[in-house]
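Input: a single structure, listed below in structure tokens.
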Amino acid sequence: MNKRSGSLLSRRQFAHRAAVVSATAALAPTEALLHPPSSRALAPQATSASSQLSPEGQLEVDARYQQILSLYGSHLDEAQKATIKKMCADLQPTLERIRKFNLQNGNAPALYLKPLVEREAKSKPLASPRKG
């Protein structure tokens with residue numbers, strides 16, 4: 001394809017990299033659930049993360065954990081359940097920080113996809129003479 005500059009990506013390269021990044025992000029939590037560390041190693045970390053939470057936050061963590069167990073509990077072993085409980089506790093402080101951020105109805109999103117791609121003008125091909 002056109003290689004105008006070393007810093008620009010073609011649409012195909014961009015799509016490929018975007019697919020790889022999204023696939024990696026989608027696989028990372030699953031990988032953590034499939035190969036967790038031992039549940040004994042998780043117990044002290046889970047208690048320290050949950051001790052920093054407010055009582056309302058702890059209730060939300062417990063509710064989220066119980067909902068996950070009600071949906072997928074029969075498919076999980078004890079180590080995976082411990083990992084999920086730790087992940088629920090680790091997620092809660094981030095959720096509380098996001099909820100504290102003041103937003104109004106008219107606020108626009110902060111991020112827009114604005115690709116910085118310069119396109120060169122397409123030249124029209126010369127018409128070939130007609131036979132006839």
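The values are calculated or read from the model by the stated rules, or taken from the named source; none is laboratory data. The model shown is predicted, which means the values in this text are computed figures rather than measured ones. Every residue, glycine among them, receives a Cβ derived from its backbone with ideal geometry; neighbour counts consider all protein chains shown.
For every residue, the table says whether it meets (1) at pLDDT 80 or above; (2) surrounded by 15 or more Cβ atoms within 10 Å (Cβ to Cβ); (3) within 18 Å of the chain's Cα centre (by Cα).
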| site | (1), (2), (3) |
| --- | --- |
| T24 | no, no, yes |
| T30 | no, no, yes |
| S39 | no, yes, no |
| S48 | no, no, no |
| Q66 | yes, no, no |
| L69 | yes, no, no |
| L76 | yes, yes, no |
| K81 | yes, yes, no |
| C88 | yes, yes, yes |
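Taking each residue of the stretch 4-31 that is over 18 Å from L116 (Cβ atoms) and looking for partners that are part of a loop (DSSP other than H, G, I, E, B) and modelled with pLDDT of 70 or more with beta-carbon atoms closer than 6 Å, six or more apart or interchain, yields nothing.
Taken over the stretch 96-115, the criterion of being exposed (fewer than 14 other Cβ atoms within 10 Å of the Cβ) and closer than 23 Å to Q58 by Cα is satisfied by R97, I98, R99, K100, F101, N102. Within the stretch 72-102, the set of residues being polar (S, T, N, Q) and touching a Gly at 6+ places or on another chain (Cβ under 7 Å) comprises just one member, Q92.
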